[in-house]
Amino acid sequence: MLGEQITHYRVLRKVGSGGMGVVYEAEDLSLGRHVALKFLPGTLQQDEQALQRFQREARAASALNHPNICTIYEIASDGHRHFIAMELLEGETLNHRLSGRNCSVDQILDWGVQIADALEAAHGKGIVHRDLKPANLFITQREQAKVLDFGLAKVGPAARAAAMPAMPTMSRNDHITEAGSTVGTIAYMSPEQALGKDLDARSDIFSLGVVLYEMATGKLPFQGTTSAAIFDAILHSAPTAPVRLNPELPPGLESVINKCLEKDRELRYQSMGELRADLKRLKRDTARHASSRTVQSLELPQSTLRFRIVGVAAALAVIAVAAVVWWFGQRPSGIETIAVLPFENVGGDLNNEYLSDGITEELIDSLSGIPKLQVTARASVFRFKSRAVDPQAAGKELHVQTVLVGRVHAINDTLEVSTELMDVSNNSHLWGAHYTRKRDDVLGLQRDLARDLSNKLRPKLTNDQEKRIANRGTEVSEAYQLYLKGEFEFNKRSKESFEKGVEYYQAALQKDPAFARAYAGLAQTYFFQGAWFGVQGAGPRARTAASRALELDDSGTEAHLALGNLKSQYDWDWTGAEREFQKALQEDPNSADAHFYYGRYLALIGDLDKALAELERARALDPLSPPIAAHIAIVHTGMGRNDEAIREALDVLQTEPNFIPALTALIEAYERKGMYAKELEVDQKFADPSEFTWRLSVAHDHALMGNTGAARREFAEAQKLAERGHLAIPTEMMAWMHVALGEKD
């Protein structure tokens, strides 16, 4: 089925399968977005009962519009195969996340509130899920919970329809129903469901209680070796107190779980809203208790307190007055976070793609100069490029208050740009503008757009701040356009695009020899040519370009980062590298790149705790960035946290299957766990056999497995590939290979 076109979808890859469906990732050729297609298994395509349940799932879920419910786009058929098109989710099921482990209290409360909110919305539409369990709950990469699979849902104005027979749903090793039996998965059933009674919303509350218990303890509350034994436990047995299995649970959470698991539904929570309110209250109180513990640890002695009470009271009065004045008179717009989504290239002419991308990136850079405004970095927002995405949904995924969307239309020598600033909380319009300029005045257009938007976000900027936002590094429009083309090629991150990027940056410098940002772009490109592809002489060229950029403008963050990378990875000048990274962070403390490269440097010198903190700070600024997540995985391997490394790396590889740092982390983690065959499997599945680095990795795998002959053949082939490409295999990689072969001298 892979590569096949079904109606207006092209199937890309298989995502997973279960008793009631096989799921594929596909491209919607009409809207240009990626979706999940769920097909009935071939054996059930002609089963009328299975088809009815399949259609019931689509109808039930499509009636719901909620951020914590997987969105259904349509149910369709190509004549002989029935399928549901739905939202493509990136992450893992709660079932996979648990795997016999308990969650943190914060995770239980966060996800519990989200799931309860979603089910309250479903219950409000008269829909009871009836098969709530970890396999039907999904945790996205950004830790958002989503409810899946309404295949057993009971739909009706009063949610009073009789129970219907059903096929089993996808499950773990827990007991599932058989065709024609009581619907649902036995281990998560309510007592009334186990007895085949009519169900209402309180049945889902019991099932959610089972899920919360499992999240809190890593175990199911009702267990048995047979279905009959589990039925009996649900109907007659009290589960082990959660706090006995997990002493860290707050008593309030145990009370909530116990109330969910009341066997008499009249004594249970009577609505999902009531349960959600208790979870939210517990979440608030838990946070407050944590804060009070911090305050208590800082308390002054009583004797000191008595003498300071009067002074503190007076100071608080002054602070209160000042706060009121600031709040009503001097405070900024109230917007603290923003994401600039990739501007749409109207018309789709690839020759104009550098303009839409460039305007987006430059606007991100400009807004980063606004005080107390966190701007989501490029890597995360560009995950939404070329996708028909709901701006509100994107904003929630990126955890920002506002989203800026825009369109760029280049017609002959005219450039039109329209923008809209939206409030993520209610999808309302906050600001918008339309600009028409001559194509060769993209520099002036960029300045006007940055100025107008910054005035909306922060009306009272200083002159220096306004100049920082407006400064694009050159007054020569042609040089600026060539620079944008260089950035466009640099961000493709391939050997060929780096070569094109160098040409564009050099052309920009011919138009304006004092364009410091073009030198910085050149330095970054040279650095990656050497680091990633072994291009000879790239290091010295990078150093020359970075030094020239800083001679022209010492405040350039990119040039300091390039020089820091060179000093750490080429010169091993740790003191000099530290100085450059600190300078970059001083110039732009909200630069995700600065925190990322500094974190990577700290990892190189072995300060792994600080490295992880810096990388997590980078991820907060750039939450969907594959390089950041991949290097977090690499640090986890260095800390001996191989399972965490594998999870982080696999998350990256789901969307970037050939991303070298993620592959490196995954392979390293497998090697440290002694999983050499798995390591070889990854190499053979993901990487490019025409690259000498891949050949070396495969040779290394064979050597570890004791396949000396295969290892030497692959090693020799790697050396030939490097020679043909006029590339030098880094000496540390040669040493790494010889050690694996036992050639320690």
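The values are calculated or read from the model by the stated rules, or taken from the named source; none is laboratory data. These figures come from a predicted structure and were not determined experimentally. Cβ coordinates were reconstructed from backbone atoms using ideal geometry, including for glycine residues, and neighbour counts include every protein chain displayed. Note: accessible area is taken over every heavy atom of the protein model, side chains too, but ligands, DNA and RNA are not part of it. Shrake-Rupley method; radii C 1.70, N 1.55, O 1.52, S 1.80 Å.
What FRET efficiency comes out for the pair Glu4/Leu727, r = Cβ-Cβ distance, R0 = 35 Å, nearest 0.05?
Details: r = 39 Å, r/R0 = 1.11.
With a Förster radius of 35 Å, E is 0.35.
With +1 assigned to the C-beta of every Lys and Arg and -1 to the C-beta of every Asp and Glu, and no other charges, what is the dipole magnitude of segment 664-745 about the Cα centre in debye, to the nearest 20?
Numbers: 10 positive and 14 negative charges, 27 e Å.
Around 120 debye, computed over segment 664-745.
For Lys456, the lysines whose Cα falls under 27 Å of its own Cα, not counting residues fewer than eight places away in the same chain, are Lys372, Lys385, Lys396, Lys438, Lys467. Computed from label points 7 Å out along Cα-Cβ, the spacing between Asn455 and Lys125 is 4.4 nm. Per-residue surface analysis assigns Tyr480 an accessible area of about 0 Å², computed on protein heavy atoms at 1.4 Å probe radius.
If Arg447, Arg284, Arg543, Arg713 are ordered by their accessible area, calculated over protein heavy atoms with a 1.4 Å probe, which sequence runs from highest to lowest? Can you show the working numbers first?
On the way: Arg447 55, Arg284 120, Arg543 80, Arg713 160 Å².
The residues order as Arg713, Arg284, Arg543, Arg447, largest area first.
Can you work out the PRE-style zone for Arg439? Point 7 Å along Cα to Cβ, and I want the residues of segment 333-366 with backbone N under 15 Å. Flagged as within label range: 346-356.
As a calculated quantity, the FRET efficiency between Glu743 and Thr337 at R0 = 56 Å, using C-beta atoms, amounts to about 0.55. Straight-line reach from Lys567: taking Cα to Cα under 13 Å and skipping same-chain neighbours fewer than 8 places apart, the aspartates and glutamates in range are Glu578, Glu580. Figure legend: label point modelled 7 angstrom from the Cα of Leu51 along Cα→Cβ; residues of segment 58-102 with amide N under 12 Å from it are 77-83. Here the Karplus curve 6.51 cos²θ - 1.76 cosθ + 1.60, taken at θ = phi - 60°, turns the phi angles of segment 116-121 into couplings of 4, 5, 5, 6, 4, 5 Hz, with x standing for Gly and Pro. Amide H to amide H, with H built 1.01 Å from N, Leu430 comes under 5 Å of Leu421, Met422, Asp423, counting only residues 5 or more places away or on other chains. Each label was represented as a point 7 Å from its Cα along the Cα-to-Cβ direction; for Ser255 and Met705 these points are 5.8 nm apart. Taking amide H as placed 1.01 Å from N in the peptide plane, Thr337 has its amide H under 5 Å from the amide H of Gln374, Gln401, Thr402, each at least 5 places away in sequence or on another chain. Would you grab the residues whose amide H sits under 5 Å from the one on Val535? Only those 5+ places off in sequence or on another chain, please, with H modelled 1.01 Å from N. When sequence neighbours closer than 5 places are left aside, the close amide H contacts are Gly530.
Note on Lys673: lysines with a C-alpha under 30 Å away, same-chain residues under 8 apart excluded, are Lys14, Lys219, Lys610, Lys685, Lys744.
First select every other residue whose beta carbon is under 11 angstrom from the beta carbon of Arg579; then total the charges, Lys and Arg +1, Asp and Glu -1. Result for the local shell: -1.
The solvent-accessible area of Met86, taken with every protein chain present and a 1.4 Å probe, is close to 20 Å². Using the Cβ of Ala238 as centre and a radius below 14 Å, the other residues enclosed give a net charge of -1, where K and R count +1 and D and E count -1.
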